[in-house]
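All remarks here apply to the structure that follows.
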There are 2 protein chains.
Amino acid sequence: MARDKLDAKQVQEALAGLEGWRLADDGKAIERRFTFSGFNEAFGFMTRAALAAEKLDHHPEWTNVYRTVDVRLTTHDAGGLTELDVKLAKRMNAFAGR
Amino acid sequence: MARDKLDAKQVQEALAGLEGWRLADDGKAIERRFTFSGFNEAFGFMTRAALAAEKLDHHPEWTNVYRTVDVRLTTHDAGGLTELDVKLAKRMNAFAGR
């Protein structure tokens, strides 16, 4: 199911298909920094990602400083990574044009 | 001018009129946590604040985790706080309904 915790092998397989993402130091999340041309493009990305997050009912932890957006994805209920994190990461990559 | 650094007295006067904001530990920024009913409301707030930031050409450093938004305002060019930070803080308070 979408909210079942992925095991270590599943996480490695998922990361292999997720350009730019890395496993967080605590092993419970994936992280990526996105860099854009300026604030307009950065917040445009965040807006598209916010709509996707609402649709998935799964939300990022993210920090924006001008043209950078640092994202951390995890599924608190599962205490780690699930398919929902992988889905949202893929959509974010698509929105960022990668 | 709007981008002149405020002195300590001006900062204290500004903070007196800014509900919920505090001086950051480094003394170079003001910070506030906004808490909303959920992600929809939190991101709605961020969208309004983003439009105001673009209009002022002055942008926040902010982190969103579901229904909370942590904001830090500073003016890098001035190495501290300016009227621009005070203006953006006031608009954010207005958008948050306080």
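Numbers below:
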| read-out | value |
| --- | --- |
| Filter result (assigned to a strand (DSSP E or B) and either under 18 Å from A:L18 (Cα atoms) or touching a helix residue (DSSP H, G or I) at 6+ places or on another chain (Cβ under 6 Å) (or both)) within segment A:65-98 | A:V69, A:D70, A:V71, A:R72, A:L73, A:T75, A:G80 |
| Residue match in segment A:87-98 (condition: without any contact (Cβ under 8 Å) to a residue 40 or more places away in the chain, on the phi > 0 side of the Ramachandran plot, more than 14 Å from every other protein chain (Cβ to nearest Cβ) and of a type outside the set (A, V, I, L, M, F, W, C)) | yes |
| Residue in segment B:32-53 that is acidic (D, E), farther than 14 Å from B:K87 by Cα, more than 16 Å from the chain's Cα centre (by Cα) and within 14 Å of another protein chain (Cβ to nearest Cβ) present | yes |
| Pairs with Cβ under 9 Å, 6+ apart, first in segment B:39-65 and on the phi > 0 side of the Ramachandran plot, second crowded, with 16+ Cβ neighbours inside 10 Å and assigned to a helix (DSSP H, G or I) | B:D57/B:L84 |
| Matching option when the condition is farther than 27 Å from A:M46 by Cα, in contact (Cβ under 8 Å) with a residue 40 or more places away in the chain and crowded, with 18+ Cβ neighbours inside 10 Å, among B:L84, B:L6 | B:L6 |
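Residue-by-condition table, conditions (1) touching a Cys at 6+ places or on another chain (Cβ under 6 Å); (2) closer than 20 Å to B:F39 by Cα; (3) of a type in the set (F, W, Y); (4) buried (at least 16 other Cβ atoms within 10 Å of the Cβ):
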position	(1), (2), (3), (4)
A:A24	no, no, no, no
A:T35	no, no, no, no
A:A50	no, yes, no, yes
A:K55	no, yes, no, no
A:V69	no, yes, no, yes
A:L73	no, yes, no, yes
A:A94	no, no, no, no
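Readers should treat all values here as calculations from the given coordinates under stated rules, not as data from a laboratory. Not measured: the values here are computed from a predicted model. Heads up, the Cβs are rebuilt from the backbone with ideal geometry, glycines too, and the neighbour counts pull from every protein chain shown.
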